[in-house]
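Working notes, structure below.
The values are calculated or read from the model by the stated rules, or taken from the named source; none is laboratory data. Model, not experiment: these values are computed from the prediction. Using ideal geometry, Cβ is built from the backbone for each residue, glycine included, and neighbour counts are taken over all protein chains shown. Each accessible area value is taken on the protein alone, full model and side chains, heavy atoms only, with ligands, DNA and RNA left out. Shrake-Rupley method; radii C 1.70, N 1.55, O 1.52, S 1.80 Å.
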Amino acid sequence: MSRTQHAEPAVTSPPAPGRQETDGRTAERPLAVRLLARPEVGVFLGAAAVYVFFLIAAPPVRDGGSMATVLYQSSTIGIMTLPVALLMIGGEFDLSSGVAVITSALTASMLSFQLTMNVWVGVIVALLVSLAIGFLNGWLVVKTGLPSFLVTLGTFLILQGVNLAATKLITGNVATDDISDMDGFGQTRKVFASSFAVGGVQVKITVVYWLVFAALATWVLLRTRYGNWIFAVGGNKDSARAVGVPVTFTKISLFMLVGFGAWFVGMHQLFTFNTVQSGEGVGQELIYIAAAVIGGCLLTGGYGSAIGPVFGAFMFGMVNQGIVFAGWNPDWFKAFLGVMLLGAVMINLWVRQSATRR
C-alpha cells in the first residue's frame, strides 16, 4: 500500500530581537545628526559662545540696561537681515539694501518738511518709493537674466549719488531738517521709535518688531506654499518653473520685501534722530549679508532659515556693544567681525557635511 507524503508547512521563525539591517534609506538618523542638519544650530552655538565670552570679559554686559542696548543694536540689524536672508534663500542678494534705508528716510523727511505736510504722508510715500526700488531690482534681475550682484550694485551707486545730490539740492546741506515739531511726528515716533519699561529697564520697540518679524518669517518659510517657492527658486529656478512655481513673482516679491525692510528701518532712524545724514548707509549692506551668512544662509541659495539670521544679528550686536563695554579699542570691531564671519562659514560647512554624511 502506497503512502501519501504530505509536505510539512514552512515555519518562519520570528526575527531575533536586536539591531536590524537597513539599506541606509529607511534608517532613522540619530537626533544629534538631525539637529546638525538645521541651518541655525551652528550660529546658535556661536552666539552662545560669544555671549558667554563677553559676560566674562565685559562685566557691564551683565547689567539689564546693557543687555537692552545689545538687543536694540541687534534689532536694528536683525530687522533688515531677515528679508535679506529670505532673498538669499531665494538665490539672490541685494547690495543696495544699506543705502535704500537712507533713501527711505530722506524721502519721508524732505517730502514732509519741504511741502509742510503731515509726517504720515511722507511715511506712506517713502514706503511706495522703497517698494518701487525693490520691484525695479527684481524686475531687472528676472527680465535681463543679469546677476543680482551687478543689478543691485548699479542701484547702490545710483541711490548713493541721488541721496547726497538731492539732499544738497533741496536742503542746501548734507542732512535733512529737523521734523520733530511737525504734525504727526509724535504718532509716528510711537510706532517706529518708542520704548517701554521691563523690570525698570527701557527696551526699544524695535526689539519686539524684530522678534515678531522673525516668527512671521519662520512661519512663512516652513508652513506656507510661498515658503516652498522660496526654497525652490533658490535651489533651481528652471526646475521650479517646470513644476509650476511662479519664479518671476517669487523673486520680485522677495526684492520688494527687502524694500519694505529698508523702509521700516529708515523710519526708525528718522524718528529716533529727527534728521538724516544723506551719506550714511554705505557698508551696511555687507553687515546684513554677513549676518545672514553667519545665520546659515548660502550665497548660492536654496538653504537657510529665519531663526539663524536672528542669532547672526545678535552676534553682531553683542560684539559691537561688548567691545565698548569691555573698554577695548573699537577700531578692532571690523577685524573681529571678519574673523567671526570666516569662523561661522567654516562651522556651517562642517555642520552640513556632518549632517549629510552617512
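Values as computed for the structure displayed
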| read-out | value |
| --- | --- |
| Boolean, residue 103 is β-branched (Val, Ile, Thr), within 22 Å of residue 272 (Cα to Cα) and modelled with pLDDT under 95 | no |
| Test set (1) touching a Phe, Trp or Tyr at 6+ places or on another chain (Cβ under 7 Å); (2) closer than 27 Å to residue 139 by Cα; (3) among the hydrophobic types (A, V, I, L, M, F, W, C) - residue 47 fails condition number | (2) |
| Within segment 164-205, considering residues that are among the charged types (D, E, K, R) and within 27 Å of the chain's Cα centre (by Cα), the one most open to solvent (accessible area, probe 1.4 Å) | 190 |
| Only listed residue being at pLDDT 85 or above and either open to solvent by 50 Å² or more (accessible area, probe 1.4 Å) or not acidic (Asp, Glu) (or both), chosen from 338, 327, 304 | 304 |
| Listing of helices (runs of 4 or more DSSP H) fully contained in segment 176-261 that carry 1 or more residues being under 30 Å from residue 67 (Cβ atoms) | 185-193, 205-223 |
| Selection count where residues are more than 19 Å from residue 77 (Cβ to Cβ) and open to solvent by 20 Å² or more (accessible area, probe 1.4 Å), scope segment 269-301 | 5 |
| Selection within segment 242-289 - under 23 Å from residue 314 (Cβ atoms) and among the polar types (S, T, N, Q) | 269, 272, 284 |
| Residue match in segment 82-93 (condition: under 20 Å from residue 274 (Cα atoms), open to solvent by 10 Å² or more (accessible area, probe 1.4 Å) and of a type in the set (A, V, I, L, M, F, W, C)) | no |
| Qualifying positions in segment 164-175 - in a helix (DSSP H, G or I) and either modelled with pLDDT of 95 or more or among the hydrophobic types (A, V, I, L, M, F, W, C) (or both) | 164, 165, 166, 169, 170 |
